[in-house]
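Here is the structure we will look at.
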Amino acid sequence: MRLGDFETALLSGIKAPSQRSSSIFPEIAQLWHGGMIVARKDDDMALVVVQGLTKVFGHRLHPVRALNGLTFMVEKGEFVGIMGPSGAGKTTLLSIISTIDTPTNGTVRVADTDVTRLRGGRLAQFRREQLGFVFQDFNLLPGLTVRENILMPLTINARRVSDAQERLTEVLTVTGLASLKDRYPRELSVGQQQRVAVARALITKPALVCADEPTGSLDSKAATELLRYLTDINRAWHTTIMMATHDAFTASYCSRVIFIKDGSLFAEIRRSGERQAFFDAIIDMQATIGGGGHWHEFSHPD
Ligand SMILES: Nc1ncnc2c1ncn2[C@@H]1O[C@H](COP(=O)(O)OP(=O)(O)OP(=O)(O)O)[C@@H](O)[C@H]1O
């Protein structure tokens with residue numbers, strides 16, 4: 001389903017008949033066509049459904065509305081960039097989707113589970129099994145080797161590491177780290193360290209990988225390399241990736257970019273052809289959205 005269709009249905013205030021199923025996907029997948037509500041068949045493609053998401057920080061006298069009724073969806077296998085000026089709400093959005101924070105209002109469904117309602121053991125289990133995280137600072141454990149860092153989520157999961165040998169080999173290969181698996185983080189370049197963080201995020205076969213400024217600490221060569229690995233992973237494994245970034249060059253590797261401003265959806269651009277044309281469209285949108293020069297400098301795609 002296209003985001004435009006999805007929004008049209010929601011903005012026109014159409015409420016689908018209440019569903020017995022716990023899934024809200026069928027409800028969202030109703031569209032108004034010539035006075036009739038028509039069920040869409042492609043709702044099983046939705047992996048992330050964000051609906052009316054609002055986050056207000058701070059005291060009642062001085063509230064900061066970081067997210068303001070944000071609504072969109074991400075399909076399985078998409079590589080989606082989240083862009084917007086500084087303070088637009090990108091990190092807040094990814095924090096709520098990845099269950100690190102909770103919303104003031106609204107819902108987020110990931111893999112048919114309302115993550116905003118999960119608590120305790122079920123939340124911890126969902127986080128471990130369905131989500132992978134990559135941050136700007138790689139958060140590797142310095143006393144563990146590359147191999148041990150990558151296997152860490154399985155250790156926490158109390159799963160037998162021997163069962164994961166095949167998966168370990170796969171993630172080491174797809175991130176280009178096979179020959180470095182016995183090194184310690186201090187013996188790696190920053191680009192290689194970030195790839196270890198990606199491999200660690202992938203080891204549990206998560207439904208969704210959330211990356212917040214993953215190229216933020218990398219030079220342009222290491223950033224390009226990381227983005228190529230992420231693109232390969234997305235294509236080969238159909239891993240759904242949501243990536244917040246300031247950088248048009250980084251975003252040009254995505255299949256779609258969602259722009260937010262002041263916590264609300266501003267626009268989206270879908271890549272349909274060459275990356276250069278997509279990059280140019282992203283730059284144009286950055287100029288349109290403004291933001292008082294808070295965008296980072298960006299480099300030209302190769
Ligand atoms: N814990 C918090 N308490 C109060 N305000 C917060 C908190 N976290 C974020 N904010 C505010 O919410 C708004 C959105 O912040 P957020 O970090 O999500 O934006 P962002 O788009 O990721 O920004 P940047 O690109 O600069 O990282 C900002 O105005 C920010 O100051």
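Pairs exceeding a 27 Å alpha-carbon distance, out of 90/205; 76/181; 181/205; 181/221: 76/181. For residue 235 and residue 104, a Förster radius of 35 Å and the Cβ-Cβ distance give a FRET efficiency of 0.45, rounded to the nearest 0.05. Annotation: for a label point projected 7 angstrom from Cα along Cα→Cβ of residue 141, residues of region 186-204 with backbone N closer than 19 Å are 186-188, 193-204.
Accessible surface for region 41-108, divided over its residues, is 42 Å² per residue with a 1.4 Å probe. From the P(r) of region 179-302, could you give the percentage of C-alpha pairs in the tail past 22 Å? Tail fraction, whole percent: 38.
Shape of region 96-141 from its Cα gyration tensor (a ≥ b ≥ c, root eigenvalues): rounded if a/c is under 1.5, otherwise prolate when a/b > b/c, or oblate? In terms of gyration-tensor shape, prolate. Computed in the context of the full set of protein chains, the accessible area of region 73-123 at 1.4 Å probe radius has 43% of its extent on carbon or sulfur. Return the whole-Å distance between the Cα centroid of region 107-145 and the Cα centroid of region 243-278. Their Cα centres are 24 Å away from one another. Residues within the reach of a label modelled at residue 57 (point 7 angstrom out along Cα to beta-carbon, backbone nitrogen below 19 Å), restricted to region 98-115, are 98-106. Each peptide among 120-133, 204-217 gets the average number of other Cβ atoms lying within 10 Å of its residues, and from highest to lowest they stand as 204-217, 120-133.
Taking only protein heavy atoms and a 1.4 Å probe, the accessible area of region 135-256 is 50% carbon and sulfur.
The values are calculated or read from the model by the stated rules, or taken from the named source; none is laboratory data. Bear in mind that the values here come from a model prediction, so they are computed numbers and not experimental data. Every residue, glycine as well, gets a Cβ built from its backbone with ideal geometry; the counts of neighbours run over all protein chains shown. To get the accessible areas, we keep the full protein, side chains included, count just its heavy atoms, and leave off ligands, DNA and RNA. Shrake-Rupley method; radii C 1.70, N 1.55, O 1.52, S 1.80 Å.
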